[in-house]
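In what follows, a single structure is set out as structure tokens and then discussed.
The values are calculated or read from the model by the stated rules, or taken from the named source; none is laboratory data. Fair warning: this is a prediction, and the values are worked out from it, not measured in the lab. Positions of Cβ are backbone-derived with ideal geometry, glycine not excepted, and every protein chain shown enters the neighbour counts.
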Ligand SMILES: [Zn+2]
Ligand SMILES: [Zn+2]
């Protein structure tokens, strides 16, 4: 029980860097004042390059968050953090050969941990494209001016709004990727055929039963449509400061990874009660494809009638 409770600590650990640096304004004692901006700055009208400190801390926040999240997952996978339950029940005992395809069932898909870690950390879509976006938009002054300000700590209202908007826009883009081809076929009476799904999202859906390390395994087009487009729009809609941006970025990247885990997380029953996305919710999407298009919040699916509750879906186990 204590081990299961300790797992919850991964959430504050995910935002450890902005949390620590803003506590008692610690960052003011660590970095000289001329290294950062205290107020929002319009870099374009001033004609100066922005300081790379906020950018470096932002990337550092996600790296620190990923480190703790991976530590949690590896410890849990090894059995150090309480008993494990597969997200998707196999139906075959461990000793019998699984009658289903290997990719269909968590308990029948053994893999080497170092291979999993390497696969996760070497994803060009997840890290190179995202890194390019973060560096490019920051250094060329393309972020709204509030993002360059270190004034104030983490504004949790802004963080929640960023997460909600990001996931809401991502929900729309996700549905579009799945349904655009059929929509075009229907509207044009089968005269025009498109292949958006195949070119974008299909590579990520080759995993019927994903593992945590498959989270960012997809295609560049998928990353652009489902992650970068929502990020660009969310930044324009919420005028956050650098600390809120950091907390949002790390929570978003790590939560997105955690919902691909092949094991139930100890917080899942609370998340489900609050309408927040869990690994079982996302596994339903990977397997059945027509439900649960939201990732972090299931409100979008509940509103659009595409929500399937893993607790009442055979094959999925929602217990801890
Ligand atoms: Zn996925
Ligand atoms: Zn999908």
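Residues of the stretch 268-290 being away from ligand 1 (no atom under 11 Å from the Cβ), assigned to a loop (DSSP other than H, G, I, E, B) and crowded, with 19+ Cβ neighbours inside 10 Å, which ones?
278 - this is the single residue of the stretch 268-290 that is away from ligand 1 (no atom under 11 Å from the Cβ), assigned to a loop (DSSP other than H, G, I, E, B) and crowded, with 19+ Cβ neighbours inside 10 Å.
If the requirement is being at negative phi, within 16 Å of ligand 1 (Cβ to nearest atom) and either modelled with pLDDT under 95 or surrounded by 15 or more Cβ atoms within 10 Å (Cβ to Cβ) (or both), which of these qualifies: 180, 171?
Exactly one of 180, 171 is at negative phi, within 16 Å of ligand 1 (Cβ to nearest atom) and either modelled with pLDDT under 95 or surrounded by 15 or more Cβ atoms within 10 Å (Cβ to Cβ) (or both), namely 171.
In the stretch 199-221, which residue that is part of a helix (DSSP H, G or I) and within 9 Å of ligand 1 (Cβ to nearest atom) is surrounded by the fewest Cβ atoms within 10 Å (Cβ to Cβ)?
205
Would you kindly identify the helices (runs of 4 or more DSSP H) lying entirely within the stretch 1-42 that contain at least 3 residues that are surrounded by 15 or more Cβ atoms within 10 Å (Cβ to Cβ)?
Qualifying helices (runs of 4 or more DSSP H): 2-7, 10-14, 16-22.
Residue under question is residue 295, and the condition is that it be within 15 Å of ligand 1 (Cβ to nearest atom), touching a residue at least 12 places away in the same chain (Cβ under 8 Å), out of contact with any strand residue (DSSP E or B) (no Cβ under 7 Å at 6 or more places or on another chain) and outside any loop (DSSP other than H, G, I, E, B); does it hold?
Against the criterion (within 15 Å of ligand 1 (Cβ to nearest atom), touching a residue at least 12 places away in the same chain (Cβ under 8 Å), out of contact with any strand residue (DSSP E or B) (no Cβ under 7 Å at 6 or more places or on another chain) and outside any loop (DSSP other than H, G, I, E, B)), residue 295 does not qualify.
Determine if the stretch 241-250 includes at least one residue that is within 16 Å of ligand 2 (Cβ to nearest atom) and outside any loop (DSSP other than H, G, I, E, B).
No, because not a single residue in the stretch 241-250 is within 16 Å of ligand 2 (Cβ to nearest atom) and outside any loop (DSSP other than H, G, I, E, B).
For the condition out of contact with any helix residue (DSSP H, G or I) (no Cβ under 6 Å at 6 or more places or on another chain) and within 24 Å of residue 306 (Cβ to Cβ), what is the one hit in 233, 258?
258 is the lone residue from the list that is out of contact with any helix residue (DSSP H, G or I) (no Cβ under 6 Å at 6 or more places or on another chain) and within 24 Å of residue 306 (Cβ to Cβ).
Take residue 288 and tell me if it is within 16 Å of ligand 2 (Cβ to nearest atom) and either over 26 Å from residue 176 (Cβ atoms) or out of contact with any helix residue (DSSP H, G or I) (no Cβ under 9 Å at 6 or more places or on another chain) (or both).
Yes; evaluated as a whole, the condition is true for this residue.
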